[in-house]
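The values are calculated or read from the model by the stated rules, or taken from the named source; none is laboratory data. This one's a predicted model, so the numbers in the text were calculated from it and none came from an experiment. Using ideal geometry, Cβ is built from the backbone for each residue, glycine included, and neighbour counts are taken over all protein chains shown.
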Amino acid sequence: MFQAAGDPLDAALEAHRGGVVNDTLVLLGIPSSIEIPSGPGRVLRTYLGMGERLGFRAVAIDDRIGYIEYGGGEEYIAVLGHLDTVPVGEGWTREPSGEVVGGRLYGRGALDDKEPMVAALHALAALRDAEVPLERKVRIIVGTDEETDDAAISYYRSRGPDPVTGFSPDGDFPVVYAEKGLLWADWHRPARTSGGPVDLLSLEGGTAPNVVPDRAEAVLEAAEPDRVAAALRRAGCGARGRGAAGPGHGNGHGRAWERARSRGQRPRAARGRPRQDRDRRGRGRDRPIAERDLQPRPRRRSPRAFDAEREREPRRLPGRERDGAPSPSTSGTRPASWTRRSGRP
């Protein structure tokens, strides 16, 4: 906790603690993903209203982006963030619209990025209340499309000067100085119905392009649906109905196995290497689903595993017999029984 005694800034921050929690819960109660057209604009207006209530100047730019500022001068320091979120999704054990349980705050956007922006707003108010002198103006800039194309920032920059410096409370504490790149791409493949033992009728999963899918569902039509459903369950997929594979909640290999089924290829064995028919030029080619493909293949052991097994074997001295044959007389020669089973010495 903040220490309220001694430092006026600590006392001011402690005074705003309750306001941070309450204002965050207000924002969490406003769905603001892109799938709700009115959500991002509504949460932006609400946030700017909080800034005006605290006595700051708040400006909205066409309901796409806005800012709250304090201080004077032409140059300013930017605090960059956003109020939009990814879709709520499924499987929540807490209220996604915001709740406090055991001293913890839960909700969609509690970390990314509503609460950090509320904390930045109240921190600015605490600086003002503690009469901390500022050399430059501070401007909190909030967008509404960071989870999609982030075009609002370009729109903002086209209408005014850039900051001299700034930071974004949208990462890990204390600082993140670099991030990985992001690639958005679309892959298309026609769905074939071969009339074979298993046909793919539909396939869907995930909630947004920038979110790791929490589920995937495929609907299959099979000549022997009960047998296919049992094989899917053994491979780690959830299966329900007659021949329909439900949401996969297994170890992930079942979903990859099921996708291979839909392509008419051999499955990827659990934690093993992909097996696929090859033509003479080494390229993969599709083939009809065979009956043997309904059973997952065993994992192939690597040469390293055989090395470990060899190290566990007791060392035989020269001249001793093993497997009915004398071992080599040279001490530096490895007995034949210690050779890798892959055929390499």
Exercise. Of the residues that make up segment 164-176, is at least one of a type in the set (A, V, I, L, M) and modelled with pLDDT of 95 or more?
Worked result: yes
Exercise. What about V175, is it among the β-branched types (V, I, T), over 25 Å from A15 (Cα atoms) and without any contact (Cβ under 8 Å) to a residue 12 or more places away in the chain?
Worked result: yes
Seminar exercise, completed: Of the residues in segment 49-64 that are closer than 14 Å to L121 by Cα, touching a residue at least 40 places away in the same chain (Cβ under 8 Å) and not aromatic (F, W, Y), the one that is surrounded by the fewest Cβ atoms within 10 Å (Cβ to Cβ) is G55
Problem set entry | Conditions (1) in the same structural domain as M50 (by TED's automatic domain parsing); (2) touching a Pro at 6+ places or on another chain (Cβ under 9 Å); number of the one not met by L134 | (2)
Exercise. Can you find a residue in segment 178-197 that is modelled with pLDDT of 85 or more and out of contact with any helix residue (DSSP H, G or I) (no Cβ under 6 Å at 6 or more places or on another chain)?
Worked result: no
For this session: Return yes or no: is G241 on the phi > 0 side of the Ramachandran plot and either at pLDDT below 55 or more than 25 Å from the chain's Cα centre (by Cα) (or both)?
Result: yes
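One line per residue, one yes/no per condition, for (1) surrounded by 10 or more Cβ atoms within 10 Å (Cβ to Cβ); (2) outside any loop (DSSP other than H, G, I, E, B):
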{"position": "E115", "(1), (2)": "yes, yes"}
{"position": "L121", "(1), (2)": "yes, yes"}
{"position": "A126", "(1), (2)": "yes, yes"}
{"position": "R139", "(1), (2)": "yes, yes"}
{"position": "E147", "(1), (2)": "yes, no"}
{"position": "Y155", "(1), (2)": "yes, yes"}
{"position": "F173", "(1), (2)": "no, no"}
For this session: Please indicate, with yes or no, whether at least one residue in segment 61-74 is more than 32 Å from the chain's Cα centre (by Cα) and among the acidic types (D, E).
Result: yes
Seminar exercise, completed: The one condition S202 fails out of (1) touching a Lys or Arg at 6+ places or on another chain (Cβ under 6 Å); (2) in a strand (DSSP E or B) is (1)
Exercise. What residue, of G143, G206, is on the phi > 0 side of the Ramachandran plot, of a type outside the set (D, E, K, R) and surrounded by 12 or more Cβ atoms within 10 Å (Cβ to Cβ)?
Worked result: G206
Exercise. Quick one: how many residues across segment 94-151 are more than 19 Å from D84 (Cβ to Cβ) and among the charged types (D, E, K, R)?
Worked result: 11
Problem set entry | Verdict on A130 being surrounded by fewer than 18 Cβ atoms within 10 Å (Cβ to Cβ) and not aromatic (F, W, Y) | yes
